[in-house]
Amino acid sequence: MTPRSEPLLWLQLIGFGVLPLEALLLLLVLAGSDPGPLPGLERLLCWAIGALAPALLLVRRPADVWSLLLLQTPLKGRRDLQRRLSRLQATPALALATAGGAALGLPLLWWIDRQAAVASPVSPFSACPRLVALLLAALLLALMLWQWQQLLQSLWLLSRKTETVSGTPPLSLAELEQQRLCLGLPLLLPEPLTLQEPSIVPPVAVEPEQRTEEAEGADLDQQVP
C-alpha cells in the first residue's frame, strides 16, 4: 500500500478551493460593520485570537490528517499505514509552513478589512456589531489556518515514497491522542483506494515477410510479355 491509496489525503486537497471562498466570507463578515476608532488594534487582536494562538497550538500538536474537523477516523480503527503516515507529520518544515500561514493571515486580514466597505451593500451581516464581526472573523481565520495545515500535510504525505513509509514506525494510540489534534466524530472508515499499476507490454519483434525465390521468379515471368 502507498500513501496515494488513502482517500482522506485526497479529500484534504479540497482546501485549494475552499480557502478562497472562506476569504470571501471573511470580506462579507467584516463589511457588515464600521471599524472602530482604533481599527489597527482591532485587527491585531483579531489576528492574535484567530491565527497566532491557533498556530502555537498546531505547531505543538499538528492537526490530525485523518480528521475532517467534524468527522474523523476512529483511533482504534486506523490502519498500520495511517499510523505510519501520522508519524511523518512531525517535521520542522511543516511546522514552519504553519507558522508562515499564520503570519500571512495578518496582511490578509488587514487588506480585507480595509476593502470591506465595497461589499457592504451585499453583506448579509449588515446589522452585525463590530465586536461580533471580529469574533466571527477570528473563527474564520482559525478555520483557514486548520485547512492550510491539512492541505500542506496532505501534499507532503502524498509525495512520500513507499520505502520511506515502510521504514517509519507507526504511532501508538497513546501517542496519537497526545501528539495530534484529533477533532470530529469518529465515524469515518473509508476503504483504501485500489490503484492499478500500468501494465507494460514488452515489445515484440516482428520479422519482415520474406518471399521465396520461386515466388519472386513467378512474378517476374508474369511481368515479362
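The values are calculated or read from the model by the stated rules, or taken from the named source; none is laboratory data. Owing to the predicted nature of the structure, the values given are computational and were not obtained by experimental measurement. Backbone-built Cβ (ideal geometry, glycine too); neighbour counts: all protein chains shown. Calculation scope for accessible area: heavy atoms of the full protein, side chains included, ligands and nucleic acids excluded. Shrake-Rupley method; radii C 1.70, N 1.55, O 1.52, S 1.80 Å.
Numerical summary
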quantity: Chain lengthening between R114 and K161 when straightened (0.36 nm per residue, less Cα-Cα); calculated: 12.4 nm
quantity: Gain upon complete extension [L181, L11; 0.36 nm per residue less C-alpha separation]; calculated: 59.4 nm
quantity: Potential lengthening between A99 and T2 on full extension [0.36 nm per residue; Cα-Cα distance subtracted]; calculated: 32.0 nm
quantity: The chain - mean residue ellipticity at 222 nm from DSSP helices (-39,500 (n - 2.57) per run, n ≥ 4, rounded to 500); calculated: -17000 deg cm²/dmol
quantity: Principal-axis tilt of helix 130-158 within the chain, Cα atoms, nearest 10 degrees; calculated: 30 degrees
quantity: Modelled FRET efficiency - R0 22 Å, A127 with E22, Cβ distances, 0.05 increments; calculated: 0.50
quantity: Rough spin-label spacing in nm, given labels placed 7 Å along Cα→Cβ, for S172 and R79; calculated: 2.4 nm
quantity: Percent carbon-and-sulfur accessible area, the chain, ignoring ligands, DNA and RNA, probe 1.4 Å; calculated: 67 percent
quantity: In Å², nearest 10: area of C46 left accessible to a 1.4 Å probe; calculated: 10 Å²
quantity: Distance from the range 47-113 to the range 1-31 (C-alpha centre basis), Å; calculated: 13 Å
quantity: Gyration tensor verdict on the range 9-123 (Cα atoms; rounded if a/c is under 1.5, prolate if a/b is larger than b/c, oblate otherwise); calculated: prolate
